[in-house]
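Since the structure comes first, as C-alpha cells, the remarks are kept for the end.
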Amino acid sequence: SLAALVLSQGLLGVGCSGLWLAVCVHVARTRPASEFAWTTTVCAALGSSGMFLTTTPLALVVEGAGWRMAMACIGALTLALLALVLLAREDRAPPAPPAAAATLASMAGLLRVPAIFAGALLGLVSYGCLLAIRGLWVGPYLEEAQGLSPSAAGHVAFAVSAVMIAAPL
C-alpha cells in the first residue's frame, strides 16, 4: 500500500541518514574544512559503489546458486564490513557539540540560499525515486516487459549505477 511504501522509505531514510552523518562527522574531525565537500563527495561515491554488487554479480549468483546463496553472500559481506567499522579507531578527541539553536540557525541560513534550497528540494524528490526505480523496478521491468535475462538486466542496472556514482564527482 502507499502507506507501507511511505513508511518503508522513511525508515530507510532514517537508517541511511545515520550512516551518512557518521561519514560527515568523521570527515569533519579528520580533514581540513576546505576539503569537506570534496571528501564527502568521494565518500558518497565509494559508499555507493556497493550498488555494483547488486547488479550483474548478484544476478549471476542468483542464476547459478539461487536467492538463498545470494542473501548469504550479502549477509557475509555486511558482517565483514561491520567488523571493519568496529575495528576502526579515531584518535582525536571529539569537539564539543554546538548548541542545538546554533545548529538550527546555521541550517536555516543555508536553506535561505536559493541554490542550496533548490538543490535540497531536488534531492528530496528525485534521488529517492531514482533509487527506488533502480533498486526495485529496473530488474523486473527489464526481465518481464523486455524479456532480458537476469544477468542482462544486471548489466543495465550496472550502467545506471555507474552514472549515479560518477555524476556527483
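Against the definition (open to solvent by less than 60 Å² (accessible area, probe 1.4 Å), under 18 Å from the mean Cα position of the chain (by Cα) and either free of Cβ contacts under 8 Å to residues at least 40 places away in the same chain or more than 20 Å from residue 41 (Cβ to Cβ) (or both)), how does residue 138 come out, yes or no?
yes
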* Structure fact -> For region 143-161, the count of residues that are open to solvent by 20 Å² or more (accessible area, probe 1.4 Å), over 18 Å from residue 123 (Cα atoms), aliphatic (A, V, I, L, M) and within 23 Å of the chain's Cα centre (by Cα) equals 2
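Considering each of 157, 145, 101 in turn, give the residue that is at pLDDT 85 or above, of a type in the set (A, V, I, L, M, F, W, C) and more than 26 Å from residue 50 (Cβ to Cβ).
When all the criteria are applied, what remains is 145.
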* Asked: So which helices (runs of 4 or more DSSP H) are wholly in region 1-102 and hold at least 3 residues that are over 24 Å from residue 134 (Cβ atoms) and open to solvent by 80 Å² or more (accessible area, probe 1.4 Å)?
  -> 67-87
* To do: Please find, among 106, 49, 151, 161, the residue that is within 23 Å of residue 26 (Cβ to Cβ), polar (S, T, N, Q) and in contact (Cβ under 8 Å) with a residue 40 or more places away in the chain.
  => 49
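The values are calculated or read from the model by the stated rules, or taken from the named source; none is laboratory data. As the structure is a prediction and not an experimental result, all values here were calculated from the model. Counting neighbours? That spans all protein chains shown, and the Cβs are built from the backbone with ideal geometry, glycine included. What goes into the accessible areas is simple: the full protein's heavy atoms, side chains included, and nothing from ligands, DNA or RNA. Shrake-Rupley method; radii C 1.70, N 1.55, O 1.52, S 1.80 Å.
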